[in-house]
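The values are calculated or read from the model by the stated rules, or taken from the named source; none is laboratory data. All values reported here derive from a predicted model rather than from experimental measurement. Ideal geometry is used to build each Cβ from the backbone, glycine not excepted, and the neighbour counts take in all protein chains shown.
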């Protein structure tokens, strides 16, 4: 009887572990065919581009202009031409009222989402140039006129005024009930170490007020979870993160229920955390800054920047994209931009354009000269 009970326990435990990862049996296989004729430079200089399809069909891109500001541009013809840039969030000078010390605060890491009422939310990372004066922060701007003008900023979260104890890389998720999540990388809870977690704050009133205390989404002791990007399928939330378990960052997925999100933080040994790629990269290969989307055709696409077959300098990494029919087991890697080994394509993102077409964006100097904002379209195709 004891032997049978042990077998039942093992069987149940195995089923639970298996259920924590999306199934891989009988998956449809996909690949991406990049349209080189669609390659377009959106800005001669800039970084960290993020693209949003607005509800009127236009495209809005946000990026760092390399002068400390975040700007947006709009396209009315599927990215063939773009309007002049609009400054959405301008860098500012801060003077400490007690010490009279001052610093410039640059604006970085833009991410956008449009609400059902048409408002556009823009989350950014505030980065002081001098330490010890102004806190690294997560801030929010709102546009009620499709990106033409932007309301004054809300400061949603303040970390420490030191680079090693900051907060970084906000990203949005809207749940089926309208709740808005902002995920970000957070060093503040670990001021005596180099550790970092993924944190989340939420709003239930269209982004007008936010939870004061963030929830811990994931934390691997002794390591640095970073750069979160979240999606959901109506039942589960999947967040792509970079995880440096192997020494170099690799793309991982963490998972929670839509109905009770992040009731418990996901630790390093949780079955709700798993490596994203089908083919394991060598430990020495860097593959960080992941970006994850789910298309309207229910295909999952993951990008990251990598040194694979490019040497060891992560600063010369390039964008790589993989695809899957589930939020796991990503495969068939491709590179949207042809980047010489001496150049880079980093801080990438993806956007679903509809009709099995996606956009890949990168900060790249693949053609030489300055690092600018480039976009290319790709077609998701099924392997028959």
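Observations
- Candidate set: the range 43-60, residues that are in contact (Cβ under 8 Å) with a residue 60 or more places away in the chain and in a loop (DSSP other than H, G, I, E, B); chosen: the one surrounded by the most Cβ atoms within 10 Å (Cβ to Cβ): 46
- Test: residue in the range 334-342 that is out of contact with any helix residue (DSSP H, G or I) (no Cβ under 8 Å at 6 or more places or on another chain) and without any contact (Cβ under 8 Å) to a residue 12 or more places away in the chain: no
So that you can scan it fast, the table gives a plain yes or no per residue for (1) at pLDDT 95 or above; (2) part of a loop (DSSP other than H, G, I, E, B); (3) in contact with a helix residue (DSSP H, G or I) (Cβ under 8 Å, 6 or more places away or on another chain):
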residue	(1), (2), (3)
271	yes, yes, yes
279	yes, yes, no
284	yes, yes, no
297	yes, yes, no
303	yes, no, no
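- Residue within the range 217-233 that is crowded, with 18+ Cβ neighbours inside 10 Å, modelled with pLDDT of 95 or more and in contact with a helix residue (DSSP H, G or I) (Cβ under 6 Å, 6 or more places away or on another chain) present: no
- Filtered residues of the range 190-207 (kept if outside any helix (DSSP H, G or I) and either surrounded by 15 or more Cβ atoms within 10 Å (Cβ to Cβ) or touching a residue at least 60 places away in the same chain (Cβ under 8 Å) (or both)): 195, 196, 197, 198, 199, 200, 201, 202, 203, 206, 207
- The test for being closer than 29 Å to residue 175 by Cβ and surrounded by 18 or more Cβ atoms within 10 Å (Cβ to Cβ) holds for residue 299.
- Yes/no for residue 364 being at pLDDT 95 or above and buried (at least 23 other Cβ atoms within 10 Å of the Cβ): yes
- Count of residues meeting criterion [surrounded by 23 or more Cβ atoms within 10 Å (Cβ to Cβ) and part of a strand (DSSP E or B)] in the range 113-139: 7
- Residue satisfying all of: in the range 305-319; over 23 Å from residue 255 (Cα atoms) and outside any loop (DSSP other than H, G, I, E, B); nearest to the chain's Cα centre (by Cα) among these: 319
- Subset tally (residues that are under 16 Å from residue 148 (Cβ atoms) and free of Cβ contacts under 8 Å to residues at least 60 places away in the same chain) for the range 61-80: 5
- Annotation: residue 93 fulfils all but one of (1) more than 22 Å from the chain's Cα centre (by Cα); (2) crowded, with 17+ Cβ neighbours inside 10 Å; (3) part of a strand (DSSP E or B); the unmet one is (2).
- Residue satisfying condition, being modelled with pLDDT of 95 or more and farther than 21 Å from residue 293 by Cβ, within set 122, 126, 115, 173: 126
- Residue in the range 150-164 that is farthest from residue 181 (Cα to Cα), counting only those that are in contact with a strand residue (DSSP E or B) (Cβ under 7 Å, 6 or more places away or on another chain), touching a residue at least 12 places away in the same chain (Cβ under 8 Å) and in a loop (DSSP other than H, G, I, E, B): 161
- Cβ-Cβ under 9 Å pairs, at least 6 apart or on other chains, the range 253-265 side in a loop (DSSP other than H, G, I, E, B), far side at pLDDT 95 or above and exposed (fewer than 13 other Cβ atoms within 10 Å of the Cβ): 258/176; 258/177; 258/234; 258/235; 259/235
- Conditions (1) in a loop (DSSP other than H, G, I, E, B); (2) closer than 22 Å to residue 185 by Cβ; (3) touching a residue at least 40 places away in the same chain (Cβ under 8 Å); number of the one not met by residue 107: (1)
- Matching entry among 310, 343, 294 (being farther than 21 Å from residue 48 by Cβ and in contact with a strand residue (DSSP E or B) (Cβ under 8 Å, 6 or more places away or on another chain)): 294
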